[in-house]
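For reference, the structure is listed below as structure tokens.
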Amino acid sequence: MISRFERGSSSDAGSWALYFASLGIRVAPAFEVDHQGRCGCLNSACLRPGKHPLFQEDWSTASTDTAQIKSWWRRRPSANLLVQTGSRSKLLVIDADTRAGGIRSLEALQERFCELRNSFLVRSGSGGRHVYLHTSRRWRSGTDSVCSGIDVRGEGGYVIGPGSHHFSGVRYTAESLRPILPVGAELESHLRQIGVGGPVSQKNARTRKEPPDRPAETALGNRSPALIDELGKPIPPVRR
Ligand SMILES: [Zn+2]
């Protein structure tokens, strides 16, 4: 699949969607932003411009189905890419933000854990870094849960993928076409030690009623959230 990109024809969000799907990672279209940074949802008070799913009423439709994905991007070629994290995609993303020293903290972690150095990495539109890791375990999503400035995107979460446009106008770009490496034993042990909260047990993750301290896996399947953030938490609607 990688050769599709090496041939150089396309690096847009729709092509990346097909690439991730080929790896078993579930994707969905998200609203795009226009050249002035306005969200395609046309809500002038949108809190997540370019960062929320196109199908707000049922974005559990995130898929690995090639025909479905092609159809989505044929209908909306400018759509941003939503990459679903968690056990459904066997994907954990370590999300280093530019705030609170997140990038420096990530660099320190990269010295300790080789998979954080060598795995597939996306530079986000805001200058942050998303390190993609393969996992067969369930990890809780959380803000600042690794350390200040570093979030975990696991169960119920998502990241905006490469080829997407940030409201600043900057594109999310993959730094290279590295493979997505598995979470190694040392990193897993570290994440457990610092109380990231995962791995989430199979039993708890399947419980429909979620404890308040963790985002609901079922948030992906909720019918009515107006907006969902990257941790899978509903964002209250803004009165206009
Ligand atoms: Zn919006």
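Read-outs: derived from the displayed coordinates by stated rules, not from any lab. Please read these numbers as outputs of a predicted model, since none were measured by experiment. Here Cβ is always computed from backbone atoms with ideal geometry, including for glycine, and neighbour counts include all displayed protein chains.
Using 0.36 nm per residue, how much length does the chain from Thr143 to Arg178 gain when fully extended, once their Cα-Cα distance is taken away? Write out the running numbers ahead of the final one.
Details: separation 35, 0.36 × 35 = 12.60 nm, distance 2.58 nm.
That pair, Thr143 and Arg178, stretches by 10.0 nm at full extension.
Over the Cα atoms of region 20-132, what is the Rg over Rh ratio if Rh follows Kirkwood? Don't skip to the answer; put the middle values down first.
Details: Rg = 15.7 Å, Rh = 15.5 Å.
Over the Cα atoms of region 20-132, Rg/Rh equals 1.01.
Within a 10 angstrom radius of the beta carbon, how do Lys51, Lys90 rank from fewest other beta carbons to most?
Lys90, Lys51
Taking the inverse of the average 1/r across all pairs of different Cα atoms in region 69-115, what Kirkwood radius in Å do you get? Write down the numbers at each step before the final one.
Working: mean 1/r = 0.0735 Å⁻¹.
The answer is 13.6 Å.
Cβ under 10 Å from Glu32's Cβ, Glu32 left aside: what net charge do those residues give with Lys, Arg +1 and Asp, Glu -1? Could the numbers behind the result be given before it?
Details: positive: Arg38, Arg76; negative: Asp34.
In short, +1.
Can you sort Glu111, Glu155 by how many other beta carbons sit within 10 Å, fewest first? Don't jump to the answer; show the numbers that get you there.
Working: Glu111 9, Glu155 30.
Ascending Cβ contact count within 10 Å gives the list Glu111, Glu155.
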